[in-house]
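See below for the structure under consideration.
The values are calculated or read from the model by the stated rules, or taken from the named source; none is laboratory data. Just so you know, these numbers come straight off a predicted model, no measurement behind them. Here the Cβ positions follow ideal geometry from the backbone for every residue, glycine too, while neighbour counts run over all protein chains shown. When the accessible area is computed, the model is the full protein with side chains, heavy atoms only, and any ligands, DNA or RNA have been set aside. Shrake-Rupley method; radii C 1.70, N 1.55, O 1.52, S 1.80 Å.
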Amino acid sequence: MLVLFIILYGFIKKVNLYDTFVEGAKESFDLVFTMFPCMLAMIFGLNIFIKSGILNYLFDILKPIVNILKVPIEVFPMMILRPISGSASLAFLNNIFESYGPDSLIGLLSSVIQGSTDTTFYVLTLYFGCIGITKIKYALWAGLFADLVGITSAILIVNFFF
């Protein structure tokens, strides 16, 4: 319906739809070339972080704290990776679903964390980098605080309702 509406609106306004579409597609190449270095740097950094094994050491250190808070350790990788990469946390979510099922406490908690947090570092690196914003300190703290609130709320709500 939306595509049909756009076409009809273009005909009513007597806009050459094909030429306008081609012109817009040409402009998108500049955007892609601007975004590519930022995206490449983010993917490269994320792969180094995951492959380095730092997460395993971090899990070992924080396991006693997580047990005190009664949070399943299986959900912890999502808590760490969600602000960094949506696709990495989605891969962990898929593994949790395969191992424990989507209706388990771990599956429900993981789903709520996935839906209530954002990819803070990805947004800051890619979008801020593309438009040239370099002073990201306050945006970083606000984004990480929002992620912390989302994770904390997810733990409390899932444990309360399930």
Problem set entry | Mean ellipticity per residue at 222 nm, deg cm²/dmol - from DSSP H runs of n ≥ 4 across the chain, formula -39500 (n - 2.57) | -24500 deg cm²/dmol
For this session: Please determine, in degrees from 0 to 90 and to the nearest 10, the orientation of helix 86-100 with respect to the longest principal axis defined by the Cα atoms of the chain, where the helix direction is its Cα long axis.
Result: 50
For this session: Compute, for Thr125, the solvent-accessible surface of its heavy atoms (probe 1.4 Å) with the complete set of protein chains present, and express it in square angstrom to the nearest 10.
Result: 50
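Where nothing but the Cβ of Lys and Arg (+1) and of Asp and Glu (-1) is charged, how large is the charge dipole of the chain around its Cα centre, in debye to the nearest 20?
280
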Seminar exercise, completed: Cα extents of the chain per principal axis, largest first, Å, are 66, 36, 30
Seminar exercise, completed: Taking Rh as the Kirkwood radius computed over alpha-carbon pairs of region 70-115 and applying Stokes-Einstein at 37 °C with viscosity 0.692 mPa s, one gets a diffusion coefficient in µm² s⁻¹ of 325
Exercise. What number, in percent, do you get for the relative contact order of the chain if the mean sequence gap of Cα pairs under 8 Å and at least 6 apart is divided by its residue count?
Worked result: 21
Exercise. In bins 10 Å wide, starting from 0, what share of all Cα pairs of region 93-162 does each bin hold, as a percent?
Worked result: 20, 37, 26, 15, 2
For this session: On a 0 to 90° scale, report how tilted helix 105-116 is relative to the longest principal axis of the chain, with both axes built from alpha carbons and the result rounded to the nearest 10.
Result: 40
Exercise. List the lysines whose alpha-carbon lies under 17 Å from that of Lys26, not counting same-chain residues fewer than 8 positions away?
Worked result: none
Seminar exercise, completed: Where a ≥ b ≥ c are root eigenvalues of the Cα gyration tensor, a/c under 1.5 meaning rounded, otherwise prolate if a/b exceeds b/c and oblate otherwise, region 31-90 counts as prolate
Problem set entry | Proximal charge balance of Thr120 [Cβ under 11 Å; K/R count +1, D/E count -1] | -1
For this session: Give the angle, between 0 and 90 degrees and rounded to the nearest 10, that separates the Cα long axis of helix 54-68 from the longest principal axis of the Cα atoms of the chain.
Result: 60
Problem set entry | Whole-angstrom Cα spans of region 54-148 along principal axes, big to small | 43, 25, 22
Exercise. With every protein chain left in place, what is the accessible area of Asp103 in Å² (1.4 Å probe, nearest 10)?
Worked result: 130
Exercise. For Lys70, which lysines qualify as cross-link partners when the Cα separation must be under 29 Å and same-chain residues fewer than eight apart are set aside?
Worked result: Lys51
